[in-house]
Amino acid sequence: MTDQTADDDRAHPLPDSEEDAARVRQVPDTPQTRAPSYRLAFTDQDFLLREELRPVRLQLELLKPQMVMDEYGIESTVVMFGGARIPAPEDAATARTPTLAGLARHYEEARIFARMMTERCIASQGREFVICTGGGPGVMEAGNLGAKEAGGVSIGLGIVLPHEQAPNVHVTPDLCFNFHYFAIRKMHFLMRARVITVFPGGFGTLDELFETLTLIQTGRMARIPILLFGKDFWTSIINWDALAEAGTISPEDLELITYVETAAEAVALIDDWPAAC
């Protein structure tokens, strides 16, 4: 019995896909074997990228991160949404606007918060309260950095954008993912989420916040803490009370969000939240 056979826990005697993929690379070079129709379907990139295969690609993009995180034993996450343009305090002087420079304090709070939550993650053998960001710069970088400083792992859920952008260097490499579909990426943000933190940001941050609020408001997702860092920022860009006064949301919907200013305040609220303990 070979080592490969000994290590194989498959319940059937047929060759697996990896074996056949290796075999077809050794076939004689003929007009027939060079034809696209001869390629194994699951190794044929041209085939997999066809318009008709979108449902399969959606399924694969949902499945791959799910399997990797399951193999890592990750059971719950602390999601950190926030602007990619928020500078680190030491870079505040180079910010494009004075307001953006003033928001640099949130970078530091994001880093501290991620470090504090990762200490809890380590105490759970890395299974609970795993920091999860979008994997980019700004607040996302701060979150992954804080987790790294605590000696733990963190997740980065990246997205392919028209301009070149690499993941920040603090994401745990084995938990650094790249998505084509925004919708599937959003699902992975929320599937394991135990806490949602939202720092100042732009369209992307607002999109993620309102997606989460809508799911909870409509009962499609269990209620979890949604902590908005920086009350002054949020109340200046969104008139929440006006929505309730207009009747487009219910007054109790305003209770879905809680404002915090510091990492310590956020952690204390999480400790007091029955559903998050």
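Read-outs throughout are calculated quantities, based only on the coordinates presented, and are distinct from any laboratory measurement. Since the structure is predicted, the reported quantities are computational estimates derived from the model, not experimental observations. Please note: Cβ atoms are built from the backbone with ideal geometry, for glycine as well, and neighbour counts cover all protein chains shown.
Full extension of the chain between MET221 and ASP272 yields a length gain of 16.3 nm, computed as 0.36 nm times the residue separation minus the alpha carbon distance.
Please get the size of the charge dipole for the chain, origin at its Cα centre, with Cβ charges of +1 on Lys and Arg and -1 on Asp and Glu, quoted in debye to the nearest 20.
Working: 24 positive and 40 negative charges, 89 e Å.
Result for the chain is approximately 420 debye, rounded to the nearest 20.
The alpha carbons of the chain occupy a box of 70, 43, 40 Å along the principal axes, longest dimension given first.
In nm, what is the difference between 0.36 nm times the number of residues separating LYS231 and ARG23 and their Cα-Cα distance?
Details: separation 208, 0.36 × 208 = 74.88 nm, distance 6.08 nm.
Stretched fully, the LYS231-ARG23 segment lengthens by 68.8 nm.
Remark on PHE229: its backbone amide H falls under 5 Å from those of VAL198, PHE199, VAL260, a criterion applied only to residues 5 or more positions apart or on other chains, H modelled at 1.01 Å from N. The modelled label-to-label distance between PHE182 and ALA11, using points 7 Å beyond Cα along the C-beta direction, is 4.1 nm.
The label-point distance for ASP253 and GLU108, in a model that sets each label 7 Å from Cα toward Cβ, rounds to 3.7 nm.
Across the stretch 113-202, the convex hull enclosing all Cα atoms gives 96 Å³ per residue.
Bridge orientation summary for the chain: considering DSSP beta bridges with both residues in this region, about 0 percent are antiparallel. Of THR133, THR94, THR258, the residue with the greatest mean-square motion in the GNM of the chain, using alpha carbon springs below 10 Å, is THR94.
For the chain, what does the helix formula give at 222 nm: sum of -39500 (n - 2.57) over DSSP H segments with n ≥ 4, over the residue count, nearest 500 deg cm²/dmol?
Working: 13 runs with 124 residues, N = 277.
Dividing the helical sum by the residues of the chain leaves -13000 deg cm²/dmol.
Do you know the relative contact order of the stretch 62-276, to the nearest whole percent, from alpha carbon pairs under 8 angstrom that are 6+ apart? Numbers along the way, then the final one.
Numbers: 395 pairs, mean separation 46.0, N = 215.
Relative contact order for the stretch 62-276 comes out at 21 percent.
Label point of GLN66 set 7 angstrom out along Cα-Cβ; within the stretch 120-134, no amide nitrogen lies under 14 Å from it.
If you run the Gaussian network model on the chain, springs between alpha carbon atoms under 10 Å, then out of ARG96, ARG54, ARG23 the most flexible one is ARG23.
I'd like the distance separating the alpha-carbon centroids of the stretch 76-109 and the stretch 247-277, in whole Å. The stretch 76-109 and the stretch 247-277 have Cα centres spaced 21 Å from each other. Converting phi to 3J(HN,Hα) with the Karplus coefficients 6.51, -1.76 and 1.60 and the offset θ = phi - 60°, the stretch 193-207 yields 5, 10, 8, 10, 10, 10, 9, x, x, x, 4, x, 5, 5, 4 Hz in sequence order, with x at every glycine or proline.
By the gyration tensor of its Cα atoms, with a ≥ b ≥ c the square roots of the eigenvalues, what is the shape of the stretch 1-108: rounded for a/c under 1.5, prolate for a/b over b/c, or oblate? Prolate.
Taking 0.890 mPa s as the viscosity and 25 °C as the temperature, the Stokes-Einstein diffusion coefficient of the stretch 235-277 based on its alpha-carbon Kirkwood radius rounds to 202 µm²/s. Ranking of MET117, MET67 by neighbouring Cβ atoms within 10 Å, starting from the fewest: MET67, MET117. As a proxy for reagent exposure, ILE237, ILE196, ILE112 were ordered by neighbouring Cβ count within 10 angstrom, fewest first; the result is ILE237, ILE112, ILE196.
As a proxy for reagent exposure, LYS186, LYS148 were ordered by neighbouring Cβ count within 10 angstrom, fewest first; the result is LYS186, LYS148.
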